[in-house]
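The values are calculated or read from the model by the stated rules, or taken from the named source; none is laboratory data. Because the structure is a prediction, the values reported are computed rather than measured. Methodologically, a virtual Cβ is constructed for each residue, glycine included, from the backbone with ideal geometry; neighbour enumeration extends over all protein chains shown. In case anyone asks, the SASA skips ligands and DNA or RNA and just uses the protein heavy atoms, side chains included. Shrake-Rupley method; radii C 1.70, N 1.55, O 1.52, S 1.80 Å.
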Amino acid sequence: MPGRKREYDEDDVRVRPGRSSRPRTRTRPKHDDAVDALVITVDRGRYGCVQEDTGDEPEVITAMRARELGRKSVVVGDRVALVGDVSGDAGSLARIVRIGERTSVLRRTADDDDTTPEGRLERVVVANADQLVIVSALSDPPPRTGFIDRCLVAAYDADIEPLLCLTKADLAGPEKVLDYYAELDLPHVLVRPGSDLAELRERLTGRISVMVGHSGVGKSTLVNRLVPDALRAVGVVSAIGKGRHTSTSAVALRLPRIGPAGKGRARKDPGWIIDTPGIRSFGLAHVSAESLLHGFPDLVEGTLDDQPNCGHTAADVDCKLDAWVAEGHADRRRLDSYRRLLASRAGDLDSRDQQPDNDLIA
């Protein structure tokens, strides 16, 4: 009828469609078909991974992190889950969709000096290591106890067992070094040029061991003796990037199996060594003062009767550690080293002011 208003219903309403008709969800795929692998090298967003139970020379799988991992870091030694192309063929690429829970984390601070461009940047060196092998020469260069002390603190803080590997035992005896660490019951092995490495191999068997050492101590030679194909292996894993040699990057190398399998049983897991050619020191700014003391167990008892909140530094005139050392319970050099690390950790000691730490050789 003329003049009658039209009545509208829902059929007259047009709803503009959203950008996507697919409903949003926070549910992530479970990736039940993911393959377990070990990260053996990291190079600019590409990760070299291997399946641990596929033989002595597993194929290196190149992978990248899945976006769902967020900002979680992936380091050498991590056990991860892979999806995608896990064939290891040239040009193939897998994705890391899960990172396993870490049993240990070895950390270091980039530098103890705030004046550096990086400042006190904490870095994770490796994950899931069982043992830290500290390689030190007995001569040429002489043993650097300050470096060894730092490594011990880092190992104890990470709950990783330390092992002192003394090279060039043909040039000098180990007595002075072992006497310096006599109260620690520190396990050690001696290595000479051409000597049998059976004892060292036994201590590495079935473990993931991180090897650290200064230039000239023979660490690279030792790695090549333990893993004769180490140079070839490093070349393979460095190819996951753009041709850059991993001379300053950590790389995990599988130790070869020695001897035939026993009758009716498989051979022991030979273990892995992680070579860290770019790590020549351990900054300890990330380690608490209490944890730092645990790296000097020979001094711990001397602090039990100390005054509350004693910092144990040279400025604490009533610190009981001085009397403890004077009574012959610990080596004065150990206390001096502990206090240098305290000062360095606090940023109160410039690296140019540190005393030489190779004073074991007359």
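Just one of the numbered conditions (1) open to solvent by less than 10 Å² (accessible area, probe 1.4 Å); (2) at pLDDT 95 or above; (3) closer than 19 Å to V76 by Cα is not true of C151: (2).
Quick check, is L82 in a strand (DSSP E or B) and either at pLDDT 95 or above or open to solvent by less than 60 Å² (accessible area, probe 1.4 Å) (or both)? Full working, then the answer.
On the way: in a strand (DSSP E or B): yes; either at pLDDT 95 or above or open to solvent by less than 60 Å² (accessible area, probe 1.4 Å) (or both): yes.
The answer is yes for L82.
The numbered conditions (1) in a helix (DSSP H, G or I); (2) in contact with a Lys or Arg (Cβ under 7 Å, 6 or more places away or on another chain); (3) of a type in the set (G, A, S) are all true for A155 except (2).
Just for the range 112-127: of the residues that are at negative phi and modelled with pLDDT under 55, which one is surrounded by the most Cβ atoms within 10 Å (Cβ to Cβ)? Quick ask: steps written out before the conclusion?
Within the range 112-127, the first condition is being at negative phi, and the residues that meet it are 112-118, 120-127.
From what's left, modelled with pLDDT under 55: 112-118.
Values: D112: 24, D113: 18, D114: 10, T115: 9, T116: 13, P117: 7, E118: 12.
Checking each candidate, the answer is D112.
Scanning the range 199-213 for residues that are under 16 Å from the mean Cα position of the chain (by Cα) and either closer than 17 Å to L166 by Cβ or part of a strand (DSSP E or B) (or both) yields a count of 7. Residues in the range 292-312 that are assigned to a helix (DSSP H, G or I), open to solvent by 30 Å² or more (accessible area, probe 1.4 Å) and either acidic (D, E) or closer than 17 Å to R345 by Cβ (or both): H294, E301.
Which residues, counting only those in the range 46-79, are among the small types (G, A, S), part of a strand (DSSP E or B) and either closer than 21 Å to D32 by Cα or free of Cβ contacts under 8 Å to residues at least 60 places away in the same chain (or both)? The answer is A63, and nothing else.
To keep it simple, each residue is scored yes or no on (1) at pLDDT below 95; (2) open to solvent by 10 Å² or more (accessible area, probe 1.4 Å); (3) under 22 Å from S215 (Cβ atoms).
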{"position": "D157", "(1), (2), (3)": "yes, yes, no"}
{"position": "L166", "(1), (2), (3)": "no, no, yes"}
{"position": "D179", "(1), (2), (3)": "yes, yes, no"}
{"position": "V189", "(1), (2), (3)": "no, no, yes"}
{"position": "G194", "(1), (2), (3)": "yes, yes, yes"}
